[in-house]
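Some notes on the structure that comes next.
The values are calculated or read from the model by the stated rules, or taken from the named source; none is laboratory data. Keep in mind that what you see is a predicted model, and the values were worked out from it rather than measured. Cβ atoms come from the backbone with ideal geometry, glycine included; neighbour counts cover every protein chain shown. Heads up: the accessible areas ignore ligands, DNA and RNA and are worked out on the full protein's heavy atoms, side chains in. Shrake-Rupley method; radii C 1.70, N 1.55, O 1.52, S 1.80 Å.
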Amino acid sequence: IGAHLPRPWFQTNDVERLPDARHELVESLAVWLAGCELPVVLAGDLNSTDRGLDYRTLMTEGHLDDGMRTEWAGTTSTKWWPLLLRIDHILTRGLCSVSATNTDLPGSDHHSVIARLGECE
């Protein structure tokens with residue numbers, strides 16, 4: 001499943017949502033993902049740091065694992081790089097990450113996320 005979630009902000013438009021409304025969207029996605037048959041891969045710009053509530057909601061309520069945790073998961077936001085924010089993710093259930101990396105993505109304000117997934121032992 002490829003996703004580009006709106007970023008939490010102080011207005012609502014095509015790319016932004018008020019934090020409470022955005023969290024409701026994330027909770028709905030997590031519940032839907034929890035009901036999906038295995039395997040599940042959610043990848044994309046989730047606009048959620050791996051230290052934030054929305055990320056934790058996807059992980060716990062969606063029963064997902066972080067596919068970038070097999071290696072050092074570097075920052076993906078080039079705009080906010082001093083904060084080392086990783087807002088792009090590959091989250092899985094029923095598959096395990098064999099390797100993961102980030103690379104430059106020409107023309108984007110993000111680094112790409114790449115994970116090789118395989119059977120879990």
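For the chain, list the cysteines whose Cβ sits under 4.7 Å from no other cysteine Cβ?
Cys36
What net charge do the residues around Arg56 carry, taking every other residue with its C-beta under 12 Å from that of Arg56, with Lys and Arg at +1 and Asp and Glu at -1?
-4
Tell me the relative contact order for the chain as a rounded percent, counting alpha carbon contacts under 8 Å between residues six or more apart.
The normalised contact order for the chain reaches 22 percent.
Cα gyration tensor of region 30-74, axes a ≥ b ≥ c as square roots of the eigenvalues: rounded (a/c below 1.5), prolate (a/b > b/c) or oblate?
The shape class here is oblate.
Based on the Cα gyration tensor of region 1-50, what are the three equivalent ellipsoid semi-axes, each the root of five times an eigenvalue, rounded to whole Å and given largest first?
Over the Cα atoms of region 1-50, the semi-axes work out to 22, 12, 8 Å.
How much of the pair distance distribution for the chain lies past 16 Å, counting alpha-carbon pairs only, in percent?
Looking at the chain, the distances longer than 16 Å represent 60 percent of pairs.
Under the rule of at least 5 residues apart or a separate chain, name every residue whose amide H is placed under 5 Å from the amide H of Gly67.
Ile90, Leu91, Thr92
If you put +1 on each Lys and Arg Cβ and -1 on each Asp and Glu Cβ, how big is the dipole of the chain around its Cα centre, in Debye rounded to 20?
220 debye
Once the other residues with Cβ under 14 Å from the Cβ of Ala21 are scored (Lys, Arg +1; Asp, Glu -1), what is the net sum?
Here the count lands on -3.
Sequence gap at least 6, Cα distance under 8 Å: using those rules, report the relative contact order of region 1-47 to the nearest whole percent.
51 percent
Tell me, what is the per residue accessible area of region 1-52 in Å², probe radius 1.4 Å?
That works out to 61 Å² for each residue.
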